[in-house]
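To keep things clear, I will list the structure first and then write my remarks on it.
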Amino acid sequence: ETGVTQSPTHLIKTRGQQVTLRCSSQSGHNTVSWYQQALGQGPQFIFQYYREEENGRGNFPPRFSGLQFPNYSSELNVNALELDDSALYLCASSLISGDPEQFFGPGTRLTVL
Amino acid sequence: ILNVEQSPQSLHVQEGDSTNFTCSFPSSNFYALHWYRWETAKSPEALFVMTLNGDEKKKGRISATLNTKEGYSYLYIKGSQPEDSATYLCAFPGGGADGLTFGKGTHLIIQP
């Protein structure tokens, strides 16, 4: 059984660009959540996908969007990057939507210059 | 907006000493409380999911207690070892369909 993986590990972009981050869920998990951790803060919930549909969303603007694929892997897309988008992006998978236990990947470190 | 507070923000502990830190959360509409350990350059690792008032859970030298009526949880580490050095996060469901609201964490450093 493989754990949650994310790619890439590090990424540097410039303001205004677009970025796509990827996540492979733990085997058998059909729900994925994305979090943003800015420096000095705890992770903040961006959104959750369940069976390829957005299932819930935190306080993030529409330029943060996502996809979930039939194999339950997921993408986080951020358009029109801003300097404040520099952060560690974590994805977490769970067995079903509503399962209290979430398994996290190691994160993607995004730097926006 | 849910408020999850952790204290202290950072902690230096001598190897072999025991330590504890706190997570405070809203006591109304309680569902569950999560504790995670996060070592540098690794994935956050789930320690405990606590659901019942008065719950006490243990994993090796680490244990946690829960008081849902007053809205706090303590994490205890007995006989700290260097490998216990990590950031300990607590999280509370309710930040949007099944999203977790995290505290800022307690950064624990064990000094040999």
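What's the number of the only condition in (1) touching a strand residue (DSSP E or B) at 6+ places or on another chain (Cβ under 7 Å); (2) over 28 Å from A:Cys91 (Cβ atoms); (3) open to solvent by less than 60 Å² (accessible area, probe 1.4 Å) that B:Asn53 fails to meet?
It is condition (3) that B:Asn53 fails.
When both residues are 6+ apart or on different chains and their Cβ atoms are under 7 Å apart, which pairs have a first residue that lies in the stretch B:65-80 and is among the basic types (Lys, Arg), and a second that is open to solvent by 30 Å² or more (accessible area, probe 1.4 Å)?
As it stands, the answer is B:Lys69/B:Ser27; B:Lys69/B:Asn53; B:Lys78/B:Ser18; B:Lys78/B:Arg61, since those pairs meet every condition given.
Return the residues of the stretch A:6-23 that are open to solvent by 50 Å² or more (accessible area, probe 1.4 Å) and not basic (Lys, Arg); say none if nothing qualifies.
Residues satisfying the conditions are A:Ser7, A:Thr9, A:His10, A:Ile12, A:Thr14, A:Gly16, A:Gln17, A:Gln18.
Conditions: (1) away from chain A (no Cβ under 11 Å); (2) surrounded by fewer than 13 Cβ atoms within 10 Å (Cβ to Cβ). B:Phe21 meets all but one. Number of the miss?
B:Phe21 satisfies every listed condition except (2).
Has the stretch A:83-92 got at least one residue that is open to solvent by 40 Å² or more (accessible area, probe 1.4 Å), part of a loop (DSSP other than H, G, I, E, B) and either out of contact with any Leu (no Cβ under 7 Å at 6 or more places or on another chain) or within 10 Å of chain B (Cβ to nearest Cβ) (or both)?
Taking every residue of the stretch A:83-92 in turn, none turns out to be open to solvent by 40 Å² or more (accessible area, probe 1.4 Å), part of a loop (DSSP other than H, G, I, E, B) and either out of contact with any Leu (no Cβ under 7 Å at 6 or more places or on another chain) or within 10 Å of chain B (Cβ to nearest Cβ) (or both).
Residues of the stretch A:53-70 being without any contact (Cβ under 8 Å) to a residue 24 or more places away in the chain, in a loop (DSSP other than H, G, I, E, B) and surrounded by fewer than 18 Cβ atoms within 10 Å (Cβ to Cβ), which ones?
A:Asn59, A:Pro61, A:Pro62, A:Arg63, A:Phe69, A:Pro70
The values are calculated or read from the model by the stated rules, or taken from the named source; none is laboratory data. None of the values given here were measured: they were computed from a predicted structure. Note: ideal-geometry Cβ built from the backbone for every residue, glycine included; neighbour counts use all protein chains shown. SASA here: full protein model, heavy atoms, side chains in, ligands and nucleic acids out. Shrake-Rupley method; radii C 1.70, N 1.55, O 1.52, S 1.80 Å.
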